[in-house]
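Note sheet for the following structure.
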Amino acid sequence: MELIINGTKRELAAETVADVLRLLGLSGRPVMVEADGRVLKIEQWETTPVVPGMKLELVHFVAGG
């Protein structure tokens with residue numbers, strides 16, 4: 001299905017927000033998720049379904065110098 005992730009259209013076979021994070025290699029990493037303008041708690045990722053056209057903003061943290 002087509003999702004809009006950080007402003008870019010992406011085609012992903014996902015059913016939940018947690019699936020999206022797994023497919024993008026972000027599982028287990030510190031991530032902030034906003035779905036259609038609503039910030040989700042980590043506990044909501046497995047139960048929040050994704051629908052075609054859904055807008056996701058994903059912010060993940062990296063260290064560096």
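Bear in mind that the values in this text are calculations on the coordinates, not laboratory data. Remember, it's a predicted structure, so these values are computed and weren't measured experimentally. With ideal geometry, Cβ positions are generated from the backbone for all residues, glycine too; neighbour counts draw on all protein chains shown.
Summary value for segment 2-59: 49 percent relative contact order, contacts being C-alpha pairs under 8 angstrom separated by 6+ residues.
Using the Cβ-Cβ distance between Thr47 and Thr8 with R0 set to 22 Å, the FRET efficiency works out to roughly 0.30. Seen from all directions on average, segment 16-65 presents a Cα convex hull projection of 3.8 nm².
Give me the net charge for the shell around Glu2: Cβ to Cβ below 10 angstrom, other residues only, Lys and Arg +1, Asp and Glu -1. Walk me through the numbers before you get to the answer.
On the way: positive: Lys9, Arg10; negative: Glu11.
Summing Lys and Arg as +1 and Asp and Glu as -1 gives +1.
Length available on full extension from Ala63 to Val39: 0.36 nm per residue minus the Cα-Cα distance, which gives 6.3 nm. Residues whose amide H lies under 5 Å from that of Leu24, counting only those 5 or more places away or on a different chain, are absent; hydrogens are built 1.01 Å from N in the peptide plane.
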